[in-house]
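**Q** Quick one: this structure, given as structure tokens, is what I'll be asking you about.
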Amino acid sequence: MVQIALLGHGTVGSGVVEVLRKNHESITKKAHDDINIKYILDLREFPELPYADKFVKDFSIIENDPEVDVVVECMGGLHPAYDFVKASMLKGKHVVTSNKELVATKGAELLKIAREKNLSFLFEASVGGGIPIIRPLYQCLAANEVYEIAGILNGTTNFILTKMIREQMSFQDALDMAQKLGYAERDPSADVQGDDACRKICILASLVFGKHVYPEQVHTEGITNITLEDVEYADSLDGVIKLLGRVKKLDDGHLSVMVCPAIVGRDGQLASVEDVFNGILVRGDAVGDVVFYGRGAGKLPTASAVVGDVIDCVKRLEYKKYLCWDEGEEGYVKDYRDTSSRFYVRLKASEPQKIMESAKKAFGELRMAHRNNAPEDEIAFATVSEVREGDLEKMVSQWKQEGTQVLGRIRLFDY
């Protein structure tokens, strides 16, 4: 029998218990061993639960119990999760986690401890919830040179944008609905400002390219400035707006990593990913484009991925030598201002024609965007060729100095 301890009995943690109890017989067969939850760490009390006797409030009980083989961390946040996970591993315990912030921030350090202690540190649920992505990347696609990943990595923002596109809801109305339905937290900032997607693309980039990419290295923009006007203009460009996490290996060996709203072609592979669903596109030299699709969050989908890691851990109670990356380094992620993209730009100008002339001179051929009942002093266009980010920022600054109001700018990506 393998004894496990669960840290946290919130949405994901309680889902882990539910899956382990409900599917106990089949899980035992797949793991080739009986998995028993010995402890559940939570400061709250749950006297009504049939497993109320398993709850403890003192982590040291788990840390110092040699019978605990695997610690399953579902607390979220960096502290005390990081302290508990590190202490568990230093005591020789394997760890499974769903904590994206922990892996994105401390992954290299914890994987190094796993190597040194011959332990497993598994985190399938940290990206994409119930969507299998970590294991396929390091196993099924191992023969490929993966050179680009782009994903709709946050279900809350995808739900909001879907409502704006399909039902012409304002951002605030769509956010209010997401909160009422339980898709968005009371404080939705981590979702709508892009932080959640940032942590996830950091994990994917670190795993695929072998060096830790830290959240502070990633240029991150959220969706709070997206308007219904932008949605209508994007439609005229045959596209829809999505919040994407993106990493691309450049010819010079550096990485371009970014989280931002983007217009993707209506016929693209990510355009049809709607509501709370996630979609992750992986580009490899041999396989081409592969898309992983499903519910990116939620109690049971995420718990499914956590328990899958627990089973894998129990079957092979040793370090996963193929799941690792090294510490990152300064300059590894290229400054986004030195990378290039196509852009949609929306402006309010007293002399629209003069602005268009300056834009054509700076960016070359432009494609005009349109919407119904647009004011005469509003213009919107998309660049046909890629523009260096830094050059666009200089032009935007110049326009602002001349009294032109920049109402919006969104990247266009081919996904």
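**Q** Counting helices only, and only those DSSP H runs with n ≥ 4, report the 222 nm mean residue ellipticity of the chain as the sum of -39,500 (n - 2.57) divided by its residues, in deg cm²/dmol to the nearest 500. Walk me through the numbers before you get to the answer.
**A** On the way: 13 runs with 146 residues, N = 415.
It lands at -10500 deg cm²/dmol.
**Q** Also: If you roll a 1.4 angstrom probe over the protein chains with everything in place, what fraction of the accessible area of the chain belongs to carbon and sulfur, to the nearest %?
**A** C and S fraction of accessible area: 45 percent.
**Q** Taking Cα centroids, how far is segment 1-35 from segment 141-206 in Å?
**A** Their Cα centres are 29 Å away from one another.
**Q** Do you know the relative contact order of segment 1-112, to the nearest whole percent, from alpha carbon pairs under 8 angstrom that are 6+ apart?
**A** Result for segment 1-112 is 29 percent.
**Q** Hey, what's the Kirkwood Rh for the chain if you take every pair of different alpha carbons, in angstrom?
**A** Result for the chain stands at 22.7 Å.
**Q** Could you give the angle, 0 to 90 degrees to the nearest 10, between helix 352-363's Cα long axis and the longest principal axis of the Cα atoms of the chain?
**A** So the inclination is approximately 60 degrees.
**Q** If I fit a long axis through the Cα atoms of helix 155-167 and take the longest principal axis of the Cα atoms of the chain, what angle between them do I get, 0 to 90°, rounded to 10?
**A** Roughly 40 degrees between the two axes.
**Q** While we're looking at this one, here's another question. Rounded to the nearest whole Å², what accessible area per residue is found for segment 179-311 with the 1.4 Å probe?
**A** On the way: 5230 Å² over 133 residues.
In whole numbers, segment 179-311 has 39 Å² accessible per residue.
**Q** Let me ask something additional. Among the GluC sites (Glu not before Pro) within segment 85-161, which fall in a DSSP loop and have no more than 12 other Cβ atoms within 10 Å of their own Cβ?
**A** The qualifying sites are Glu145.
**Q** Where both partners of a DSSP beta bridge lie in the chain, what percent of those bridges are antiparallel, to the nearest 5?
**A** Close to 65 percent.
**Q** Specify the angular offset, from 0 to 90 degrees and rounded to the nearest 10, of the alpha carbon long axis of helix 171-180 from the longest principal axis of the alpha carbons in the chain.
**A** The two axes meet at around 20 degrees.
**Q** Let me ask something additional. For segment 272-337, what is the relative contact order in percent, using Cα pairs closer than 8 Å and at least 6 residues apart in sequence?
**A** Relative contact order for segment 272-337 comes out at 19 percent.
**Q** Further question: Just how large is the dipole of the chain about the Cα centre, in debye to the nearest 20, putting +1 at every Lys and Arg Cβ and -1 at every Asp and Glu Cβ?
**A** In debye, rounded to 20, the chain gives about 600.
**Q** Further, regarding this structure: So what's the net charge close to Ile165: Lys and Arg +1, Asp and Glu -1, counting the other residues with Cβ under 9 Å from its Cβ?
**A** Residues near Ile165 contribute -1 overall.
**Q** Moving to a separate point now. Can you count the Lys pairs in segment 293-396 with C-alpha separation below 24 Å, eight or more apart or on different chains? Don't skip to the answer; put the middle values down first.
**A** On the way: Lys334/Lys394; Lys348/Lys360; Lys348/Lys361; Lys348/Lys394; Lys354/Lys394; Lys360/Lys394; Lys361/Lys394.
Total qualifying Lys-Lys pairs in segment 293-396 comes to 7.
**Q** Please list, in order along segment 400-407, the HN-Hα scalar couplings obtained from phi with the Karplus expression 6.51 cos²θ - 1.76 cosθ + 1.60 (θ = phi - 60°), rounded to whole Hz, x for Gly and Pro.
**A** Once rounded to whole Hz, the list reads 5, 5, 8, x, 7, 9, 8, 8.
**Q** Whole number in Å², please: accessible area per residue of segment 333-415, 1.4 Å probe, ligands, DNA and RNA not counted.
**A** In whole numbers, segment 333-415 has 55 Å² accessible per residue.
**Q** Further question on the same structure: Which residue, chosen from Ser397, Ala205, Val287, occupies the Cα position most advanced towards the positive end of the dipole of the chain, where the dipole is computed from +1 (Lys, Arg) and -1 (Asp, Glu) charges on Cβ about the Cα centre?
**A** Val287
**Q** Counting pairwise Cα distances across segment 57-192, what percent come out greater than 17 angstrom? Write down the numbers at each step before the final one.
**A** Numbers: 6258 of 9180 pairs.
So the pairs more than 17 Å apart make up 68 percent of the total in segment 57-192.
**Q** Leu412's amide H: which non-local residues (gap 5+, or another chain) put their own amide H closer than 5 Å, with H modeled 1.01 Å from N in plane and none for Pro or chain starts?
**A** Long-range HN contacts for Leu412: Ile263, Arg342, Phe343, Tyr344.
**Q** Something else: Taking θ as phi - 60°, what are the ³J(HN,Hα) couplings along segment 304-312 by the Karplus curve (6.51, -1.76, 1.60), each to the nearest whole Hz, with x for Gly and Pro?
**A** 4, 5, 4, 5, x, 5, 4, 4, 4
The values are calculated or read from the model by the stated rules, or taken from the named source; none is laboratory data. This structure is a prediction, so every number in the text was calculated from the model and none was measured. Cβ atoms come from the backbone with ideal geometry, glycine included; neighbour counts cover every protein chain shown. For accessibility, only protein heavy atoms count, side chains too; no ligands or nucleic acids. Shrake-Rupley method; radii C 1.70, N 1.55, O 1.52, S 1.80 Å.
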